[in-house]
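Only one structure is covered here, and it is reproduced in the block below.
The values are calculated or read from the model by the stated rules, or taken from the named source; none is laboratory data. All values reported here derive from a predicted model rather than from experimental measurement. Glycine gets a Cβ as well: all are built from the backbone with ideal geometry, and neighbour counts include every protein chain shown.
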Amino acid sequence: MSLFIKPKKPGKSTDEELLSDYRASGNLTVLGNLYERYMPLVYGVCLKYLNDEDLAKDAVMSIFEELVDKVKKHEINQFRNWVYVLGRNYCLMQLRSGKKMELVNLDEVMEFTPFLHPDDNNREEALKALESCIAGLTGGQKQSIDLFYLKEKCYKEIADITGYTLNEVKSYIQNGKRNLKICLERNSA
């Protein structure tokens, strides 16, 4: 051993050394040791964006799973900064894909006229009118309204279930809601 090279202490490898070792060996323990250094940082980012401890913990684990492939594919100059951005982007994608647009329940849809915001005596009649109006919607509107309001699915889930694009789903819900309002007002007149 040369006198000019300091021997490495176990567990004191640099981020760059661990990255290089993982890329060469594919050893998940090496990647885990590297990620473990930044798990509190990633958890903090996830908690900030997701605003839920359990979701943040799940995100930290999912981000590690993404690291397995992404570390091999990307040039990483500073792992700390890179994993911070990866965590932030992961959380933003979770919010975009799973977030429901402001959920409006059927009572709000029915409040368009005094008749449609019924007291207990007229509630059954109002619900029948609503069912009739939903049945009169076009196929895409009917299906999207049902999935969004009755089955409480988000836009992305509706798109996955129906095969419609996200823009089509948004349009069907917006137009379906407008058509429901028109139909309900017409029935109440």
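Would you check if residue 17 is more than 29 Å from the chain's Cα centre (by Cα) and modelled with pLDDT of 90 or more?
Spelling it out, residue 17 is indeed more than 29 Å from the chain's Cα centre (by Cα) and modelled with pLDDT of 90 or more.
If I filter the stretch 148-175 down to residues being modelled with pLDDT of 85 or more and closer than 30 Å to residue 188 by Cα, which single residue comes out as surrounded by the fewest Cβ atoms within 10 Å (Cβ to Cβ)?
Among residues in the stretch 148-175 that are modelled with pLDDT of 85 or more and closer than 30 Å to residue 188 by Cα, the one surrounded by the fewest Cβ atoms within 10 Å (Cβ to Cβ) is 174.
Pairs only if they're at least six apart or on different chains, beta carbon under 9 angstrom, first in the stretch 83-104 and on the phi < 0 side of the Ramachandran plot, second at pLDDT below 80 and in a helix (DSSP H, G or I); list them, first residue then second.
103/149; 104/149
Pairs, please: C-beta under 9 Å, at least 6 apart or cross-chain, first residue touching a residue at least 40 places away in the same chain (Cβ under 8 Å) and in the stretch 57-79, second part of a loop (DSSP other than H, G, I, E, B)?
Taking only residues 6 or more apart or on different chains, the pairs are 68/26; 72/26.
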